[in-house]
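Beneath this line is the structure, given in structure tokens, with notes to follow.
The values are calculated or read from the model by the stated rules, or taken from the named source; none is laboratory data. This structure is a prediction, so every number in the text was calculated from the model and none was measured. In this analysis, Cβ positions are derived from the backbone assuming ideal geometry, glycine residues included, and neighbour counts consider all displayed protein chains.
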Amino acid sequence: MTLTILRIALTTLLCQTFLVQASALPQQQLIPGGLAVLELPANFSGEARFNNQPLMIIRPGPQQPALALAGIPLSQKPGPATVQLGDQPHTLNIQPHAYPEQRLTVQKKHVNPDPQQLARIREEMQRMLQVYKSFSPAPDFQAMIWPLHGRESSAFGLRRFFNGEERNPHSGLDIAAPTGTPIVAPAAGTVVLTDEFFFNGNSVFIDHGQGLISMLCHLHSIDVKEGSELQAGDVIGTVGATGRATGPHLHWTVSLNNARIDPRLLLATDQPHSPAVAQP
Ligand SMILES: [Zn+2]
């Protein structure tokens, strides 16, 4: 009896220690919108692929094994899924996950666009997909920082109903802040696309390398240009409510191997609040 209690206490302690230590590294979550973190054999050379996309490979330290990171799309069906590690197939067991629902009221054109608007949306989606599918070399992974401090107004993955009609799930997370608040790059990278989009409004796409892309949107102003090289923390623009937005906020999408995943899995800290806000 006492031994069992001791074992439970020890396991809890070990788990907590592990969580603290692991916070700077990507966290595995085998659900749609989650992330697989796969240890590679010591002699691994070559490419890892999932859903026909090359995967990011990181090397946490000289004594530690290299890791392949596979973003799992929100549309991935629960059950077995195969990742290719060189010529070795590896099976992921994707668990089901019930994301909460969110109901929003927005302008009619943003729920049922007319044919001209639909053509614009399709053209914009192609340009965005091209960015999401790109794969450029990058230095090793650095945990991301929050691009904005404020209240998290919509979590990642929500099943969304606009004016009562179900649309795509929420493929990023929202942070509310007053119009004009500066937004920073969540990690180093290159600005690969900026434009004003139908749904997303003024948007900035940053390529962090190895298939990791950030999209920051609904901006009031864009303060970078395509081709700008950024460090984590560099200002890229300000908070606004452009595109399909019910109020000023930042929508931040993180895409890895063309899968939109929960940005929290790649963040170094859990809270979008600045210490100044969090302190009483
Ligand atoms: Zn959003």
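Computed quantities for the displayed model
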{"read-out": "Matching residues in region 209-224 - criterion: being on the phi > 0 side of the Ramachandran plot and touching a helix residue (DSSP H, G or I) at 6+ places or on another chain (Cβ under 9 Å)", "value": "G211"}
{"read-out": "Some residue of region 202-209 being within 16 Å of the ligand (Cβ to nearest atom) and assigned to a loop (DSSP other than H, G, I, E, B)", "value": "no"}
{"read-out": "Strands (runs of 3 or more DSSP E) lying entirely in region 129-197 (those with 3 or more residues that are more than 16 Å from the ligand (Cβ to nearest atom) and β-branched (V, I, T))", "value": "189-197"}
{"read-out": "Residues being under 30 Å from T246 (Cα atoms), small (G, A, S) and surrounded by 11 or more Cβ atoms within 10 Å (Cβ to Cβ) - total across region 71-116", "value": "2"}
{"read-out": "Residue satisfying all of: in region 51-70; surrounded by 13 or more Cβ atoms within 10 Å (Cβ to Cβ) and either assigned to a loop (DSSP other than H, G, I, E, B) or small (G, A, S) (or both); nearest to the chain's Cα centre (by Cα) among these", "value": "A70"}
{"read-out": "Number of the exception - G189 against (1) surrounded by fewer than 15 Cβ atoms within 10 Å (Cβ to Cβ); (2) under 18 Å from S255 (Cβ atoms)", "value": "(1)"}
{"read-out": "Which listed residue is out of contact with any Leu (no Cβ under 9 Å at 6 or more places or on another chain), in the same structural domain as A259 (by TED's automatic domain parsing) and modelled with pLDDT of 95 or more, from G209, G189, G201, G157", "value": "G209"}
{"read-out": "Out of F156, F198, sole residue that is surrounded by fewer than 19 Cβ atoms within 10 Å (Cβ to Cβ) and either over 25 Å from Q102 (Cα atoms) or aromatic (F, W, Y) (or both)", "value": "F198"}
{"read-out": "Search result, residues across region 241-262 that are more than 13 Å from the ligand (Cβ to nearest atom) and out of contact with any Lys or Arg (no Cβ under 6 Å at 6 or more places or on another chain)", "value": "S255, L256, N257, A259, I261"}
{"read-out": "Unique match (being within 16 Å of the ligand (Cβ to nearest atom) and not hydrophobic (A, V, I, L, M, F, W, C)) among S214, S228", "value": "S214"}
